1. Output the residue which, of all residues in the stretch 51-76 that are among the polar types (S, T, N, Q) and loosely packed, with under 11 Cβ neighbours inside 10 Å, is nearest to the chain's Cα centre (by Cα).
2. Quickly run through the stretch 1-31 and pick out the residues that are exposed (fewer than 11 other Cβ atoms within 10 Å of the Cβ), among the hydrophobic types (A, V, I, L, M, F, W, C) and farther than 30 Å from Ser59 by Cα.
3. Confirm whether Glu37 is modelled with pLDDT of 95 or more and either basic (Lys, Arg) or loosely packed, with under 10 Cβ neighbours inside 10 Å (or both).
4. Report every pair of residues separated by at least 6 positions or lying on different chains whose Cβ atoms are under 9 Å apart, first residue within the stretch 43-54 and farther than 26 Å from Ala23 by Cα, second surrounded by 12 or more Cβ atoms within 10 Å (Cβ to Cβ) and not polar (S, T, N, Q).
5. What is the number of the single condition among (1) under 17 Å from the mean Cα position of the chain (by Cα); (2) modelled with pLDDT under 95 that Leu43 does not meet?
6. Out of everything in the stretch 26-76 that is part of a loop (DSSP other than H, G, I, E, B) and among the small types (Gly, Ala, Ser), what residue ends up being farthest from Met1 (Cα to Cα)?
Amino acid sequence: MPFIQVTMIEGRTTEQKHALMAALTQAAVDSLGSKPESVRVALYEVSGDDWSTAGVPMSVSRAAHAAAQASAKDES
């Protein structure tokens, strides 16, 4: 019985999360030969303040990225 756990930053829609669950289930069926009813998927969402890359919280890096894109758009 495969148990697939995914940790991701919050912000996806319910429809996106359901699609991910279905795709992961199908991947386990295709690659492992599992029966769909035996596949378990758990999604864990964390805030951008609770997830960092290179020591920088995602909430900070996303804000910086958005500001850079807005600045580039203003220059064009």
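The values are calculated or read from the model by the stated rules, or taken from the named source; none is laboratory data. Remember, predicted model here, so these are calculated numbers, not experimental data. Here the Cβ is made from the backbone with ideal geometry for all residues, glycine too, and neighbour counts use every protein chain on show.
1. Taking the stretch 51-76 as the starting set, the residues that turn out to be among the polar types (S, T, N, Q) are 52-53, 59, 61, 69, 71, 76.
Imposing the further condition that a residue be loosely packed, with under 11 Cβ neighbours inside 10 Å reduces the set to 53, 69, 71, 76.
Numbers: Thr53: 15, Gln69: 22, Ser71: 27, Ser76: 32 Å.
Here the answer is Thr53.
2. Result: Met1, single match.
3. Judged against the criteria, Glu37 is a match.
4. Listed by first residue and then by second, the contacts come to Asp49/Pro57; Asp49/Met58; Asp49/Val60; Asp50/Ile9; Asp50/Pro57; Asp50/Met58; Ser52/Met58; Ser52/Val60.
5. Failing condition for Leu43: (2).
6. Restricting attention to the stretch 26-76, the residues satisfying the condition of being part of a loop (DSSP other than H, G, I, E, B) are 33-35, 39, 47, 51, 54-55, 76.
Narrowing the set further to residues that are among the small types (Gly, Ala, Ser) leaves 33-34, 47, 54-55, 76.
Values: Gly33: 11, Ser34: 7, Ser47: 30, Ala54: 35, Gly55: 36, Ser76: 54 Å.
Among them, the one singled out is Ser76.
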